[in-house]
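Presented below is the structure to which this report refers.
The numbers here are math on the coordinates, done by the rules we state, and not lab data. Note that the coordinates shown come from a computational prediction; the quantities given were computed from them, not determined experimentally. Neighbour counts run over all protein chains shown; Cβ positions are idealised from the backbone, glycine included.
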Ligand code: NAI
């Protein structure tokens, strides 16, 4: 059981050079914000979290069960990126800490990169540019094509895949897609029933699937052989979706005309490490260092998206889009105090809380409870003069994990 008294000023720690947009947004909400350029780990992180209510990280800071166990003041965690593997989400939930991320903010950046690469591959821009840099003048139209009227096949029609489809249609491409779940086609994009059908019809195949057991090495020798001769493959999803030696062979034997690859089965740990791949040096192959979502606009959008989710949680308790928590969003009742209670999901908790409210002779102005198998999350608005007493008693229940009161 943990009761958290709401301090006068909440403190936020933002690590890994998170966009200052997030700092400004949280500071405008009255938080004291510290912004650090680097990641912290283990003991150093745990020590730094003393007195910190909000932690913002990107992908390099590991928020483990041990770190969370020592972060008694932490009420919310923001991952200023898409992935949340770096956080022990179950431990965070068990400690009453919702975790937010930014699922959409770099979608457009990836989609724009893909469209630019489709055109670049079609015009062999990489090879032309390298030759001219080396002082070689090889003017020729052979093997260069317009993309207008060509067919783009999209594998995985989610946030990114569907954006790619919209952009590709705008430059006159015919767009097909394959997804394992039914999806609303954008514009004139058309779903196909199977991957072989997509491969058989596409001049370009672009991959936008998540990392799952089914997508691991989903594009190997057999799938590459099913692609049209002279087609191009693009992958900016996950590195292990494509079997790289098989792709290198298909390119070297000129069964495929080109490829654009942004993600790899093994990626260097940092910018000073070297990079090895069978794809290096191959003709009409664009290799980029996992920069699909890396634009200044995306970083700002991530700062805004996660910063806003965190600010909304602190101001109203809203957990909509939290990745590990029951979802609650309740408009605030004017002139009431709000009590937020995270508790173990066992029978009788609501009865106990409602008895406390009733014993205090308080009227519940609004109340919402959402649960998952492990925890329940209750948001309740009460008249101001009774809320402090109710807060204290609810926080003291043995089933309570974390209880806050908002003015
Ligand atoms: P999303 O979750 O919105 O869409 C993924 C889609 O793939 C869903 O519609 C899903 O139903 C579909 N799918 C899942 N398994 C499939 C299968 N076996 N066959 C066909 N379709 C399947 O994800 P979002 O945001 O579009 O991201 C897509 C990928 O892009 C992710 O792997 C993500 O990690 C990656 N990504 C890469 C970036 C980069 O810098 N290169 C930046 C952002 C995302």
_Taking every DSSP beta bridge with both residues inside the chain, roughly what % is antiparallel (nearest 5)?_
35
*residue 296/residue 275 FRET efficiency (R0 25 Å; Cβ-Cβ; nearest 0.05)*: 0.60
*Hey, rough spin-label estimate for residue 267 and residue 85, points 7 angstrom out along Cα→Cβ, what's it come to in nanometres?*
1.0
*Using r as the Cβ-Cβ distance of residue 396 and residue 104, and R0 as 35 Å, what FRET efficiency do you calculate, to the nearest 0.05?*
0.30
*Provide the gained length on full extension for the span residue 73 to residue 180, in nm with one decimal, where the gain is 0.36 nm per separating residue minus the Cα-Cα distance.*
34.3 nm
*Quick one: helix 296-316 against the long Cα principal axis of the chain, what's the angle to the nearest 10°, folded into 0 to 90?*
20
_Just to be sure I understand the model, the point goes 7 Å from the Cα along the line to the Cβ. What's the resulting residue 116 to residue 24 distance in nm?_
2.4
*Compute the Cα gyration tensor for the chain, then decide on rounded, prolate or oblate, letting a ≥ b ≥ c be the square roots of its eigenvalues: rounded whenever a/c is under 1.5, prolate when a/b is larger than b/c in the other cases, and oblate in all that remain.*
prolate
*Using 12 Å as the cut-off for backbone N distance, which residues of the range 156-176 belong to the label zone defined by a point 7 Å from the Cα of residue 320 along Cα→Cβ?*
none
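Taking only C-alpha pairs under 8 Å that are 6+ residues apart, what is the relative contact order of the chain in percent?
Computed value for the chain: 17 percent relative contact order.
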*Using 1/(1 + (r/R0)^6) with R0 = 35 angstrom and r between the beta carbons of residue 308 and residue 201, what's the FRET efficiency to the nearest 0.05?*
0.25
_the range 108-287: relative contact order as a whole-number percent, Cα under 8 Å and 6+ apart_ = 20
*Does anyone have the angle between helix 349-359 and the longest principal axis of the chain? Alpha-carbon axes, 0 to 90°, nearest 10?*
40
*Please give the contour-minus-distance gain from residue 255 to residue 60: 0.36 nm per residue of separation, less the Cα-Cα distance, rounded to one decimal in nm.*
66.3 nm
*asked:* Which order do the peptides 384-395, 127-138 come out in when sorted by mean C-beta neighbours inside 10 angstrom, highest first?
replied: 384-395, 127-138
*asked:* Run the numbers for residue 384 and residue 50: contour at 0.36 nm per residue of separation, minus the present Cα-Cα distance, in nm.
replied: 117.3 nm
